[in-house]
Amino acid sequence: MNLLPDDFAPEGQEQNPRIGVSADGVRTSAGLEAQAVWAVTEGFAGVEIVATGEPVGVHAPAVPYEMRDRLRDIFAASSSFVAALAPYQETFDVTLVSPSAAIRRASVSELWSVCRFVGAVAPPGKGVVLVRTGVSPAGVGEGRQAQYLSECLTTLDRMAGEQNVQIGLLNRDWLTNLVRFASLAALDLKHTGIALDLGYALDSGQEMSSVIDFLLDPPLPLLHLRVPAAPWCVDAFAAPLADADFHGQLCLYSTDSEINNLIAARDLWQRALTLETPGVAEDGGGGGN
């Protein structure tokens, strides 16, 4: 089973999972450009940008065109995938399941700006915008929330296609319960899939067996995996990913901002998934747990 849409990657692209890194964990580098350079120099195949508008990242509409050009050159030279964590309810009023049509329109507009940013800096077919649904006020039924979300996603899906990027729905907020992803399978979404945060799925009460079953048979294309930079994740999920024939983007993130942990975790995943060692130092950058 190929969990990546046929039209997502350019023809002839490598079929192994691409291992990238979240820029949020690369705190010793100053600024997004330095983080991107560090990631590609160390042999990571992609970068996850924090574009939520928080101080640790950027707000997409405010990124100067000159910086976009420099980022595009960095990512194009290494053919890296680019994922961007988009604004969400705690940073902007991005609430795709809101009963207010005005809020839903504003939410889609804010997310469109991130699609445009990622489309400008990512190599063709290698950009994903990571989206959270938000939560609606108390008293709005599950069915109505699903209806509001489907309306937003239909519009956002079209916008993403116009920018040649994908929408990756994170398992947060209304979609914290993985079962709810199944309600979106009936929608005619051509540029939308799942961005699964494995660590958060377990922290939010999902059983390990349920998460593995979800990996093996996702209701939407599985585009992006957020994985804590910890050895136990390799032990728990490398075999299921191999069984699922996952060809998407595996993105490592660190909760303690230790760069060596990211490099060590990358090397563990490469060995577990029998990927080639990147063209960096023989010791894979050194350090680790």
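Each value in this text was obtained by applying a stated rule to the coordinates, not by laboratory testing. Model, not experiment: these values are computed from the prediction. Positions of Cβ are backbone-derived with ideal geometry, glycine not excepted, and every protein chain shown enters the neighbour counts.
If you run the Gaussian network model on the chain, springs between alpha carbon atoms under 10 Å, then out of 39, 60, 182 the most flexible one is 182. Shown in residue order for region 79-95 are the 3J(HN,Hα) couplings computed by the Karplus curve 6.51 cos²θ - 1.76 cosθ + 1.60 at θ = phi - 60°: 6, 7, 6, 10, 10, 10, 6, 7, x, 9, 4, 7, 10, 9, 7, 9, 9 Hz (x for Gly and Pro).
Taking R0 as 22 Å, what FRET efficiency do you get between residue 69 and residue 41 from their Cβ-Cβ distance, rounded to the nearest 0.05?
That gives a FRET efficiency of 0.70.
Sort 144, 180 so the one with the fewest other Cβ atoms within 10 Å of its own Cβ comes first.
144, 180
When the chain is treated as a GNM with alpha-carbon contacts under 10 Å, the residue of 167, 263, 103 showing the greatest mean-square fluctuation is 103. Residues 251, 152, 115, ranked from the fewest to the most other C-beta atoms within 10 Å, line up as 152, 251, 115. Hydrophobic, long helices, defined as DSSP H runs whose alpha-carbon span along the helix axis is 18 Å or greater and whose mean Kyte-Doolittle value is at least -0.5, occur in the chain at 101-121, 231-244, 259-272. Ranking of 67, 159 by neighbouring Cβ atoms within 10 Å, starting from the fewest: 67, 159. How big is the Kirkwood radius of the chain, worked out from every pair of different alpha carbons and given in Å to one decimal? Computed over Cα pairs of the chain, the Kirkwood hydrodynamic radius comes out at 19.0 Å. With 10 Å bins beginning at zero, the pair-distance distribution over Cα atoms of region 27-180 amounts to 11, 41, 31, 14, 3, 0 %.
Restricting attention to region 18-272, close to 5% of DSSP beta bridges with both partner residues there are antiparallel.
The three principal axes of the Cα atoms in region 132-282 give end-to-end lengths of 54, 35, 30 Å, sorted in falling order. The length gained by stretching the chain between residue 162 and residue 109 to full extension, at 0.36 nm per residue less their Cα-Cα distance, is 17.7 nm. Anisotropy class assigned to region 148-235 is prolate, per the alpha carbon gyration tensor with a/c at or over the 1.5 cut-off and a/b larger than b/c.
Considering only 100, 109, 136, give the residue with the highest GNM mean-square fluctuation for the chain, with springs between Cα atoms whenever their separation is below 10 Å. Of 100, 109, 136, the most mobile in the Gaussian network model is 100. From its DSSP helices (H runs of at least four residues, each -39,500 (n - 2.57)), the chain gives a residue-normalised ellipticity at 222 nm of -12000 deg cm²/dmol. So for region 88-155, considering every pair of alpha-carbon atoms, how many percent are separated by more than 20 Å? So the pairs more than 20 Å apart make up 31 percent of the total in region 88-155.
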